[in-house]
1. In a shell of Cβ-Cβ distance under 15 Å around SER117, excluding SER117 itself, what net charge do Lys and Arg (+1) and Asp and Glu (-1) give?
2. Taking the Cα-to-Cβ direction at ARG105 and at GLN71 and moving 7 Å from each Cα, how far apart do the two end points lie in nm?
3. For region 121-170 and region 204-233, what is the separation of their Cα centres, given in Å?
4. Give me the net charge of ARG250's neighbourhood, meaning all other residues with Cβ under 13 Å from the Cβ of ARG250; Lys, Arg count +1, Asp, Glu -1.
5. Quickly estimate the mean residue ellipticity at 222 nm for the chain, helices only: each DSSP H run with n ≥ 4 gives -39500 (n - 2.57), and the total goes over all residues, rounded to 500.
6. If the limit is 19 Å between Cα atoms, which of LYS85/LYS288; LYS131/LYS236; LYS85/LYS331; LYS92/LYS131; LYS204/LYS236 go over it?
7. Which lysines does LYS64 reach when only Cα atoms under 22 Å apart count, and residues fewer than 8 places away in its own chain are ignored?
8. Using a cut-off of 10 Å between beta-carbons, work out the net charge of the residues near VAL322 (Lys and Arg +1, Asp and Glu -1, VAL322 not included).
Amino acid sequence: MGAVVAKPEILALTEEELAAQITPDGHKKFRAQQVFQWLHLKQVFDVRKMTNLKADFQDYLLEKFNFPDFQILNQRQSPSDHTAKYLFAYGKRQVESVWLPYENRQSICVSVQSGCSLDCSFCATGKIAFKGNLTAGEILAQVYGMQQLYERRITNIVFMGMGEPFYNYDNVLRAADLIAHQHGLNISRRRITLSTSGVLPGIKRFVEEKQPYRLALSLHAVFPEKRAAIMDIEEKFNFLDVLEYLRAHRAELQQGQLMFEYIMIDGVNIFPDDAQELARWANLLRAKVNLIPMNTEFNGMRRPSDEKIYDFWRALVERGVVAVNRKSPAKDIDGACGMLAGRQAETTALDSP
Ligand code: SAH
Ligand code: SF4
């Protein structure tokens, strides 16, 4: 018996790759574009519903490729801000994704791993079992699965759900490229954001490849000991090396491409010297700062008072930093940053998938 070769995931192929796969079997190149549009533009995954394809070509596709295979097990909708959280299942692995509607944009937050191999002290995802990387198709399935449920088009995507994007670099970048493809959803690359806890090799590759996506660096502390106390990534990649690297390569980044994420934790990282040092780095790297009040309570860490949040924000702004106090949408459905833990019991059944 020959080795079993896994079929390619059809959702993860570019139009050109699809064409290269089907033309040796005698199929016309333009068929690849038709299939690509069904999948990526119309989010139709049932090959029998691809009405401009003949039945024998449909059979051929089913034979040759793996089609998206996922379920949306549950959803939870927020009555207060209309955000919605979805639990996607790919066999035994589950991840959560969040729909974040705003007046002028429709954002989604997607996961790149089932769980996370890191364990930041403030994050719910780090506390659950790590079940590995998602494939590019599984990442895309969240995007398209949510798009299928809504009439309004997705305009912004953040890879800020479960997992560390730069520990799944190839699949994340492939998914981003397909989402931005002009024959697909055609989402502007400036509206797609990758968030990393500071995986230096991934950051270097991202910069060297001149990737066009926005890059969010989850900083959360600007002194080595303080950062090490709350983020285990600090043992592997020192944030000062990351910042020095970004400073040396500043000219290769586009205006507005880099931003810092900074969770404000009461009594931990919002002292005047934190603000001063954070402002220094933000100015050096021309990075906008997204301030996120800690939105869960872990290990005695909690959200500061509104007054302290305001003071910290003001200390940055006074130093010329563009700092935004990000409200935490989806908080009441545990869909806010760091609250994704894939707990099925906490979600309610989805009526009509
Ligand atoms: N692993 C990547 C991306 C996913 S986490 C990263 O860490 O950047 C997405 C964002 O949620 C990060 O900025 C993370 O630090 C933030 N986050 C995690 N736990 C949080 C919490 N309890 N409150 C607010 N933000 C949190
Ligand atoms: Fe992983 Fe990011 Fe959560 Fe840290 S904050 S545990 S890196 S998902």
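1. On the way: positive: ARG93, LYS127, LYS131, LYS236; negative: ASP119, GLU164, ASP232, GLU234, GLU235.
Counting the neighbours of SER117, the net charge comes to -1.
2. 3.5
3. Cα centres, region 121-170 to region 204-233: 18 Å.
4. On the way: positive: ARG247, ARG286; negative: GLU244, GLU252.
Surrounding charge for ARG250 is 0.
5. Numbers: 10 runs with 104 residues, N = 353.
Helix-only estimate at 222 nm: -9000 deg cm²/dmol.
6. On the way: LYS85/LYS288 27 Å; LYS131/LYS236 21 Å; LYS85/LYS331 10 Å; LYS92/LYS131 9 Å; LYS204/LYS236 15 Å.
Too far apart for the 19 Å limit: LYS85/LYS288; LYS131/LYS236.
7. LYS7, LYS28, LYS29, LYS42, LYS49, LYS54
8. On the way: positive: ARG286, LYS288; negative: none.
Every neighbour counted, the sum reads +2.
Rule-based calculations on the coordinates, nothing more; no lab input. Predicted model only: the values in this text are computed from it and were never measured. As a convention, Cβ positions derive from the backbone with ideal geometry for all residues, glycine included, and neighbour counts pool all protein chains shown.
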